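What follows is a short report on a single structure.
The values are calculated or read from the model by the stated rules, or taken from the named source; none is laboratory data. Keep in mind that what you see is a predicted model, and the values were worked out from it rather than measured. For neighbour counting, all protein chains shown are included, and Cβ atoms are generated from backbone atoms with ideal geometry for every residue, glycine included. Just so you know, the surface numbers come from the protein's heavy atoms only, side chains and all, with ligands and any DNA or RNA stripped out. Shrake-Rupley method; radii C 1.70, N 1.55, O 1.52, S 1.80 Å.
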Amino acid sequence: MMLPPTPRVLFLRQLVAAIRRDASAGRVVVAVDGGRIGGIGFADDLASVFREAGVDTFRASLSGFHTSRAYRTRRGPETPESYYGDAYDEVALRRVLLDPFRLGGSAGFQTAAFDAARDQPLEARWLTAGPDAVLVVDGEFPLRPSLRTEWNASVLLVNVPQSAEYREDARPAEHATYLVDESDPARPRWAPR
C-alpha cells in the first residue's frame, strides 16, 4: 500500500533508502533515539515506510525491556542516575530479541518481555521473520556505550530532550548514524552534525 506523499513520508522514504543503502544485507536492526516517548511515532512511521517498500518489518521498544520497580529502587529512591543505569534489562533484550532476530531462519524472538505499567514480566509471544527483515526499536538510551554496537543504523531525534547522564556518558549525537530534526513533525529534516 502506498502512503500519501506528504513531506513527512517523503523524508522517511529518503531515510529508508539511506538505511537500505548503508546497512549490510540480511536482517537489519534500526534504533530510533527519541527519549521516553518522542521516538514512538517516528519509529512507527519509519516502520510503515519500510513496509511500504515491501520489507518484512517488526517494531519493538526498549520500554518492553524495563527492569522491575523493585530492582530499580533496591538501593533507595529512584534518581536520574539510577534510572539511567538500571532502567533496562539489556540481557533480556539481547537474549529474546536482538540475538534471535539476527540468527534468521526459524529462530523465534520476542518484541517485549516486561510490562512496565503492570511492573511484571510478559507472557512469551514468539515471532519469526524472513531473511531480509527489519526491526525498528525506539526508546531511551539506545546509543549508550553498552548498546550502540547492537544497531545496524541509528536515528537520533535531535529536538528531544535527553538526560544529562545520557548526554555525558553516551554522547548520542556523535554516535548516531543519522541526525533528524523533528521539531515540526509534519516536516522532519536532516540535522547538521
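Please go through the range 134-163 and give me each residue that is of a type in the set (Asp, Glu) and within 16 Å of His66 (Cβ to Cβ), ordered by number.
Answer for the range 134-163, where residues must be of a type in the set (Asp, Glu) and within 16 Å of His66 (Cβ to Cβ): Asp138, Glu140.
Out of Ser82, Ser48, report the one residue that is in a helix (DSSP H, G or I), farther than 15 Å from Pro121 by Cα, at pLDDT below 95 and of a type in the set (S, T, N, Q).
Ser82
Can you tell me which residue is farthest from Gly85 (Cα to Cα) among those in the range 158-193 that are open to solvent by less than 50 Å² (accessible area, probe 1.4 Å) and touching a Ser or Thr at 6+ places or on another chain (Cβ under 9 Å)?
For the range 158-193, the residue satisfying everything is Tyr178.
Looking at (1) closer than 23 Å to Leu46 by Cα; (2) touching a Ser or Thr at 6+ places or on another chain (Cβ under 7 Å), which is the only condition Gln110 fails?
With (1) closer than 23 Å to Leu46 by Cα; (2) touching a Ser or Thr at 6+ places or on another chain (Cβ under 7 Å) applied to Gln110, the lone miss is (2).
Any residue at all in the range 107-114 that's at pLDDT below 95 and either touching a Cys at 6+ places or on another chain (Cβ under 6 Å) or closer than 23 Å to Ala23 by Cα (or both)?
yes
Considering only residues that are over 19 Å from Ala31 (Cα atoms) and among the basic types (Lys, Arg), look in the range 71-124 and name the one that is most open to solvent (accessible area, probe 1.4 Å).
Per the stated criteria, the residue is Arg75.
With the condition kept exactly as written, say whether any residue in the range 145-157 is in contact (Cβ under 8 Å) with a residue 24 or more places away in the chain, within 30 Å of Thr79 (Cα to Cα), β-branched (Val, Ile, Thr) and outside any strand (DSSP E or B).
Taking every residue of the range 145-157 in turn, none turns out to be in contact (Cβ under 8 Å) with a residue 24 or more places away in the chain, within 30 Å of Thr79 (Cα to Cα), β-branched (Val, Ile, Thr) and outside any strand (DSSP E or B).
Within the range 14-43, take every residue that is in contact (Cβ under 8 Å) with a residue 40 or more places away in the chain and among the charged types (D, E, K, R) and give me the one that is farthest from Glu150 (Cα to Cα).
Arg36
Of the residues that make up the range 58-67, is at least one closer than 18 Å to Val30 by Cα, touching a Gly at 6+ places or on another chain (Cβ under 6 Å) and charged (D, E, K, R)?
There is no residue in the range 58-67 that is closer than 18 Å to Val30 by Cα, touching a Gly at 6+ places or on another chain (Cβ under 6 Å) and charged (D, E, K, R).
Among the residues of the range 52-70 satisfying the criterion of being assigned to a helix (DSSP H, G or I) and modelled with pLDDT under 95, which is least open to solvent (accessible area, probe 1.4 Å)?
Checking each candidate, the answer is Ser63.
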